[in-house]
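Since every read-out is calculated from the coordinates, none of them should be taken as a lab result. Small disclaimer: the values here were computed from a predicted structure and weren't measured. Glycine also receives a Cβ, built like all others from the backbone with ideal geometry; neighbour counts cover every protein chain displayed.
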Amino acid sequence: MGGQAQARVVLRLSGITKRFGPLVANDAITFDLHEGEVIALLGENGAGKTTLMNILFGHYSADEGAVELFGAPLAPGNPRAALAAGVGMVHQHFTLADNLTVMENIVLGTEPLWRLGRGRAAARRRVEELSRDFGLAVHPDARVGSLSVGERQRVEILKALYREARILILDEPTAVLTPQEADDLFATLRKAVARGMSVIFISHKLHEVMAISSRVLVLRHGKLVGEVRTADTDRHQLATLMVGAEVAALEVRPHAPGPVLMALRAVSTPARGNATGLKGITLDLRAGQITGLAGVSGNGQAALAALVGGLDLPEAGEMEMSGAPVEGWSPRRAVDAGVARIPEDRHKTGTIADFTLTENAILESYGDGKFSRRGWMNWRAAEGFATDIIATYDVRCPGPATRIRLLSGGNMQKLILGRVLERGPKIILANQPVRGLDIGAVTYVHQRLLRARDEGAAVLLVSEDLDEVMALSDVIHVISEGRLSPGFARGTMTPAELGVWMAGHGFEEAGHAA
Amino acid sequence: MRLEPVADPGLGRTLGFPAAALGATLAFAMALALAAGADPLAVLGLMIKGAAGSKFALLETLNRATPLIFTGLAVAVAFRAKLWNIGAEAQLYAGAIVTVLLGTGALGLPWPLLLPVSALFAALAGALVLLGPATLKLRFGVDEVVTTLLFNFIMLLFVSYLLEGPMKDPAGMGWPKSQKLIAEARLPRIMEGLRLHWGFLLALVAALGVWVVQTRTTLGYEMRAVGLNPEAARFAGLPVGRIMIKTALLSGGLAALAGWSEVAGLKGSLTLDLSPGFGYTGIIVAMLALLNPLGVVVSALFVAGVFVGADSMSRAIGVPTYIADALMAAALLFMVLALLLSRVRVRRG
Amino acid sequence: MEIFDILLSATFWAAAIRIASPLIFATMGELICERAGVLNLGIEGIMIAGAFTGWFAVYSGLPLPAGVLMALLVGMAFGALQGVLTVPFGLSQHVVGLGVTLLATSMTYFTYRLALPEVTSPPRIEAFAEWPVPVLSAIPLVGPSLFSQTPLTYLAFATVAAVAFVLYRTPLGLALRAVGENPASVEAQGLSVTGLRLGAVMAGSGLMAVGGAFLTMSAFNSFFFEMVNGRGWICIALVVFGAWKPWKSMLGAVLFAAFDALQIRLQQMPIGAHVPYQVFLMMPFALSILALILMSRRAEVPAALMVPYNKGER
């Protein structure tokens, strides 16, 4: 990608510092972006990458430091200023209004509010032109709420292109894409660069960073700890920079699978709202085995997690636990039957933010004779339980009476882990278990899941991170539009081959072996 | 503008901001007094005297606080579970109606039995009244704010119908009023010669009871969980629907006891103006108490004092009594803002 | 049947349109607020404040249009209060709304008692007179009902058209629809979430107050307590009934008003002798609850309604 040393500097960040209370999210960050460059901003969760880009785009103002765009200082704290100066951002969580069409989302904010009427024809022509030139196929009049994740991202990118962005920021853009869609995205980015745009690309995926960028900036705990040309580095070096220490590879000992603890036979569930239902899936969860579910988000993972977790019932097909058919399924029954559920969203579904650690620890088990009797709570026992979890699972906190909202994501997740694992579950449903966690917590959670599997539990791992699924699982199924692929044993499939299934191909052959 | 949570709010913040809210309310009171052309300090002085300056005043305040404690508890219990019960007014009247039905001689029970029985059925009536909107919310997702509000108007019309028709007092000289309760159905006075009736003590017991339920029972734990995060509660296996129903029954029952207490303790009969908005004032009482049942007692006394004091002051120097309502509404808004500011810092961006 | 006689009479529909007018203003006001993502429970209090302000302005000697303007401004002031507390500060929209209603109501009654201390029957003003539209008002049935109304009624219908136009055909309306669905979408395009929501709440509250003013300046000609009598809450139900769309909500208001006009007439018929009048008066409220139940499939509710916007929540 072009000779950066000679190309002009289009963006200069000088000494950017941002604090949120006691946390220093960005610490004196300084770097330049040259015209035509693709820079990868690398770092684990919580390193400060998104905060930095939010400052650049104007969602936040820096406490110290300055931003210079094309030689002129940028007014802080104002997306309008950043947009006018040529910065466009594709956010990690799309900033689209579902009730409006693609065209409406794109022109939103581009016309003066006090003008009567909207100049639609010219806008449409422009969007169609951009769509063609950059390979971003969209239906201009489609309601955004009905679009797939990949299509939504294309709208996000078109928004930036429509506003004549010269600098494009993308925040974890491939988190929600199939490998093929990610390739299409990279093709679009190459076209953008060919037209003189510059790209900043946030990621924590090393192979992508190596593939697409010309320079890598590594952030750790808010500081810029490394700036290297991609050509001069490798994944190992980047990983070390990201974490600050040698990264131990995950040790997965082979383990002979045990009996089937939960079986789904030709199970279907209806679609609920926007979420796909399951379509005749067959799945075995065996003791002592990690079954991984690979797939782009929105293809039925939520439905399967809801089913296994007790929040839904099969509309068709059979569900068995240890050979006996399941009757009367509910979250309560699931817990009592030995299913441990680690929910996808620890803030929304996993914990109650204003409850203490003690109150959260007994959320599933408060009805046990241990913690309550005939309607009266035994708080002493509950606090003892919480204290045990805090000690055993290394939950960093002031104490069991702390409100859980004050804990970091990693510590919250460890409490959730502790409260479900301490019951000695037979089946563990781990739904995006390390999403948003720093590398230390990620390693811890993975080790705990492996230990549970070694001790004979059946683990169902649902994750959007293909690397995670491939590293941990003994058996991988791909889910696409509610259908389940056959199981692929560890080591028998490459990411590209899985990607084919993730895109929906391969399901045409009728009937898959259990 | 960005709101940044303060990790460790010290005592200064936690007490300082609410104190500032009360100060702002005071300033507002003085501004209204000035607008009315009166001396603000005189107004304040008369209000304080009218609320607590004599035995009579004090008893009047305690009397006025009694229904406010009940409705305040009702609202606090409901709001904590995120059940927006704005219908305490209707539940209060339901309790009052049942009290009159059972207390005018229909039941031949001696008074030690009659009072608890009438209380129980009054509470039941209030519970049923709130059950409707609660079920609509659970089954159909209908917002309970509007349904409970609309039902207040329906109930008031129903009471008007009853008082002009089936429950009309034959000796009432045309004024819509129900029959008087028989002596056995009346709540006795706490001490001879005092105008204070047992309802006040029962309200205190109710507050204690609610506090015990909330902090020490499984139901209290469940109600708090559902109120804070119903989705997490459902995921963990809590029977959210059932808990909401129990909350509605408890809340409606408490509000109805306000009506029972007013009829059986204070008034002795049902009239259309039994409640000058106790149901709505209960919201202010509950919010000022931060939805804490023991705090409800304190804030009910405070609010009752303001109203009683305003009545007395108004008789003395003519500033309209509505100053009390305006004050309390302002206090609600100031307090809710102060509570936020005590927990967050306003940052530039 | 007598019902048909009623339904086909011009006076009936004229009454219905007249009863609908304050509802239309207030419903449009609430619709604007909710479309932008803010539930405005101050509506009842704001209508009371508007009713009093408009009437009092005229009573104090101002011309009628000035009275309407004063009501509008008072509504906007309360809207500003509601907006500031709920948008930048993100306080509970339920609690703030109820607080604003209580404050507006009590301030109104306080001011009324101050201004007219010894009055037992409220004084009257010279209210808006009917302005029959030439030619159109001569059309049978439609003429007297639609085109022989007071100017505020015409304004009410014009307001619906204006709201629909702004909402669907202007960049401002687009931004409003977006901010109520996903405030992040608006922020990311360089617009101000606070500015849009605050503006919407103030404009909506102004309309609510004008709706209140209609009661004292067009329908009746004096102010008395309990004048609004729950109409504000009914308008919240009407917004739901109209699926947050202007023309549909207006239709709901007219339908509702027709029922209200009907129940007044039913009271005077033979059936009225058998059924207590309170039952008739209950009907509007019961109907509103019914409307809410029927429309409970709320697929069109603005997704960000009642969700405070916290910039970049980590």
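Points worth noting:
- Membrane-span-like helices in chain C (whole DSSP H runs, Cα extent of at least 18 Å along the helix axis, mean Kyte-Doolittle hydropathy of at least 1.6): C:64-86, C:277-294.
- The mean sequence distance of close C-alpha pairs (under 8 Å, at least 6 residues apart), as a share of the length of segment B:70-289, puts its relative contact order at 43 percent.
- GNM result for chain C, Cα springs below 10 Å: residue of C:Gly232, C:Gly61, C:Gly252 fluctuating most strongly: C:Gly61
- Loop-resident chymotrypsin sites (Phe, Trp or Tyr not before Pro) (DSSP state other than H, G, I, E or B) in segment A:98-184 with no more than 10 further Cβ atoms inside 10 Å of their Cβ: A:Trp114.
- The trypsin sites (Lys or Arg not before Pro) of segment B:289-349 that DSSP puts in a loop, and whose beta carbon has at most 11 other beta carbons within 10 Å, are B:Arg348.
- Theoretical ellipticity at 222 nm over chain A - DSSP helices of four or more residues, -39500 (n - 2.57) apiece, nearest 500: -9000 deg cm²/dmol
- Positive minus negative residues near C:Gly204 (Lys, Arg vs Asp, Glu; Cβ under 10 Å): -1
- A helix-only calculation puts chain C at -22500 deg cm²/dmol for mean residue ellipticity at 222 nm, using -39500 (n - 2.57) for each DSSP H run of at least four residues, averaged over all residues.
- Hydrophobic long helices, here whole DSSP H runs in chain B with Kyte-Doolittle means of at least 0.0 and Cα atoms spread over 20 Å or more along the helix axis, are found at B:11-35, B:55-80, B:88-103, B:111-140, B:144-164, B:199-216, B:240-261, B:293-317, B:322-341.
- Estimated from the Cβ-Cβ distance and a Förster radius of 56 angstrom, the FRET efficiency linking B:Leu34 and B:Leu204 is about 0.90.
- Tilt relative to chain A, helix A:149-162 - C-alpha long axis, 0 to 90 degrees, to 10: 20 degrees
- When the pairs B:Lys55/B:Lys267; B:Lys82/B:Lys168; A:Lys159/A:Lys205; A:Lys18/B:Lys82; B:Lys49/B:Lys246 are compared against a 30 Å limit on Cα-Cα distance, B:Lys82/B:Lys168; A:Lys18/B:Lys82; B:Lys49/B:Lys246 fall above it.
- Neighbourhood charge, 9 Å Cβ-Cβ cut-off, centred on A:Ile202 and excluding it, Lys, Arg +1 and Asp, Glu -1: -1
- Spread over its residues, the convex hull of the C-alpha atoms of segment B:31-175 is 207 Å³ per residue.
- Charge tally around B:Gly265: other residues with Cβ under 13 Å, Lys/Arg +1 each, Asp/Glu -1 each, net +4.
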